[in-house]
Each structure stands twice: as C-alpha cells, then as structure tokens.
Ligand code: IN0
C-alpha cells in the first residue's frame, strides 16, 4: 500500500493533534472503564461553526442510520468509547495501542464501530499496515521482498512469524506481529477468511508493481485497486459478515473498489512532492508524459502551467469515483459503519479541492485546515449531510476551474454529475404550493451554472475544431 498507510500519517498528524486538543486527552492505550463517566468539552474554537458541547461518555448500542433531514452529528462519546476494556485480553489491548499509534483520528472512528466488527476492522487495519510496511521498506532486497509479500497471508497462521529487521517508522507491527496474528486467529471464521483472502490478493498485487512503474491510467486504477480498492472490498465483506450491513454491500465489489480508489488517488495526488523527493513515482506516466519529460520536472517553476494541467487532469480522474461513493454510502444502514466510511471520503474530497489547481502542491505540503477537518468528522454522519458537504466542495472546485485548463470540459462534466447526484431528495410535498428548500435551490442553480459552463466549453471546442478543419 505504498502510500496507503505510509501516505496517511504526515498531513493527518496535525489533524490528530488538533482533535486531541479539542477532545479531552486520553492515554495511548484505550481508556479504562472509569473513563465511561468522563465529561469532555468538544469544539468551541474561534472561527468554528460549532459551539462548545459538553458530552457524557456512555456505552452505545448498535445504531440504525438516521435518515431524517436534520443532521445527526457524530457523537463524540461514540468516538471516545472504550472498546470493551473490561473483557479485553492483553494482546487485544496491545493491538488497540498499535492502532492508536499509527492513526489516532482514524483509530477513534474504528473504535466507535459496533459489536465484534470493531475488533475485526482493528486487526484488518494492523495486518494491512504490516503488509504496507514490508512493501515500503527499501532496505529489504527485492528477491526477499517479493516472496514475503506473496506469502504474507500465510504468516497469519504462523504463531511465531515476525520481522525484526525493518527500518520503517511502523516497524513495531512487524516486530510484534505474533500479537496481531494471535488476535487474528481469535476472530470468527467469517472475518478470518476475508482478511486472509484480501492479504493474499494485495500481497501479489504489490509484488507485481514492485518491478514496474504506473504507466497507463488503467494501470493507475489497477495499482490503486491492489493497495486500496481491495481494502474497500474486504471491509464491505466484513460489514456484511457482521450482519450490520446487507449482503449486497459485500457483494458489490465495484462500488467498494471505488471508495478505495478515491482515497488512494487523493493520497497519491497530494503527496507528489514527498514521493518524488524520495524517488517514488505514483503519478501515471500517461498523464504526466503529456506535460513533461520527467515526473520530477513538474516541480520546476518554469513548468508550473504544465504541472497544474497534469494535476487538474488527475483530480478530474479521481472525481470520477464520487458517484460510486454516494451510491455505496446510500446502502449503509448502520450509523457506526456509515461514519467510518463517510468521514475518510469527505476528507478526501476536501483534500482534492485544496489540491486542485494549487501551485503549492509542487512546492510543499497541501493540507486541509484543522478546523475544517474536525468539522467534517463531526458532520459527515448522514446522507443529507454528506450531500451538502459534497455540493459545497463541488462549488468550491467549480470556482477554481480555469478557462484555459485542458481538462476543463471533463472537470465541469463530472462536477455536474456529482452535483446532480448530491441534490437533496425532494421531501414529499405537504401542501399544494411548491416549497423549494434553499439547499435545493442552491444545488439547482449550481447545476444550471455547470451545464452552461460545460455547454459553452464544448461549443467553443467544437468551433475551434471546425476552425482548424477549415471551410
Ligand atoms: C482505510 C480507509 C477506509 C476507511 C473506510 C472505508 C474505506 C473503504 C474503502 C477503502 C478504504 C476505506 O481509511 C483510511 C483513512 C486514514 O487512514 N486516514 C488517515 C489520514 C490520511 O490522510 O490518510 C488518518 O490518519 O486518519 C485510509 O486512508 N486507509 C485505510 C487503511 C485500512 C483500512 Cl481498514 C481502511 C488507507 C487506504 C490506502 C486509503 C486504503
């Protein structure tokens, strides 16, 4: 998962810290039973939309997804809920410690999952993180790494298997793999089969890409499928196996794949500079080859216009997955699963919007503001709220599309599709007079603006072609 796990921590460290500042501090290990009665203060920073809210921690039951038009904010109590501390073995406790060490904010969303799904996803995440650490470790020679990746799924059943020579930041998950694999073997068979199968397919895919670069756009999709699409497929199968999601969620691999592709493409786009500086190349050659001789050249100031064109092309390609993301989220009925899936997706859209046409991407790190990230985490808890967030970012993106961008027509088109799919469902009319909500009107106006821009671009392009062809 080049970039899967290795890509996330840098920019989100800031988010994690900010969440820690907003949410009362807790230890790296999950809090003990006493924390259930803790009262914490959330929000309330200058400039934030949310007022401070005092919340009481209490154990939560599986929750059905709220579908009313009023937003159901992510309950911070659920985020801080301790995963059954009392009955937890030392090894499972250690797994949650590792989870918190690798991704604090994401760990909170995993810990808020209902029932035994929580442990299954925690172990799945750590197993993927271990596989990713092997893939990323440049100190392991290829002849050793390829069989390691391909055989990784078998290590889940070898009680003693560990790897102590890694030089990576997350080397501890490999050094203490026996603790993770022990907890894996305690999972129900329905979970073990999914995790082991995904590990096998991902390990082979990673091995395939170790020796080849990402060339065509198709190969970009394939690489992202191996390192992230398979995560979506595995997670969906875990959701269905837990019976907290309908069987169709686990069966529709296309939609599940799209969730992973959207996240991973966003990571790859965002991390251009960091990756190229470390000699890694995840931008597809078919895209950058249109604008530069070498991928690194896009960072040269004189290449800025080409760099932005390439960047916008890739953002537009990533946006293609948003309609699938919406269709997927629409199928979820359990609140904790919905939050878990929706939060990373809206964060990714916010990141894409921040990256779009942004010269800073070629000079440093582009990240979303802390307050923005916290608001998204708190808000993305119902389909209506996700629709609103997506419409807002589509509007933000629309305003940045330049008249001269080569992908302009495609970008406007996909934004139009996204806005259309995010338009709030009209509530059943209660009286004979037609009342359109401001949100509906705003989406309709945005759609009209997009259609107009799209049409004018296509017309001018057609005229341009006609001019070239002569009379
Ligand atoms: C994830 C995904 C993830 C969550 C929910 C549903 C998903 C469906 C399909 C594919 C992935 C899905 O989410 C995490 C989010 C994360 O780690 N965020 C970072 C921030 C960042 O910028 O990356 C954080 O520190 O909070 C994710 O990125 N990946 C991931 C890994 C394992 C699992 Cl179980 C779920 C990594 C990746 C490569 C996108 C799959």
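Readers should treat all values here as calculations from the given coordinates under stated rules, not as data from a laboratory. Since the model is a prediction, treat every value here as computed from it, not as a measurement. FYI the Cβ positions are ideal-geometry reconstructions off the backbone, even for glycines, and counts take in every protein chain you see.
Going by average Cβ density within 10 Å per residue, which order do the peptides 262-269, 90-97, 328-335 take, highest to lowest?
Highest-to-lowest ranking by the protection proxy: 262-269, 328-335, 90-97.
Return 417, 366, 173 ranked ascending by Cβ neighbour count within 10 Å, so the fewest neighbours appear first.
If I rank by nearby Cβ atoms, fewest first, I get 417, 366, 173.
Could you sort the peptides 356-362, 220-226, 143-149, 338-344 by per-residue average Cβ neighbour count (10 Å cutoff), highest mean leading?
Final packing ranking: 338-344, 220-226, 356-362, 143-149.
Give the distance, in whole Å, between the Cα centre of the range 205-225 and the Cα centre of the range 154-181.
26 Å
Would the range 189-253 count as rounded, prolate or oblate if I go by the C-alpha gyration tensor, calling it rounded below 1.5 in a/c and otherwise prolate when a/b exceeds b/c, oblate otherwise?
oblate
Quickly rank 117-128, 384-395, 203-214 as a protection proxy: mean count of other C-beta atoms within 10 Å, highest first.
Order by mean packing, descending: 117-128, 384-395, 203-214.
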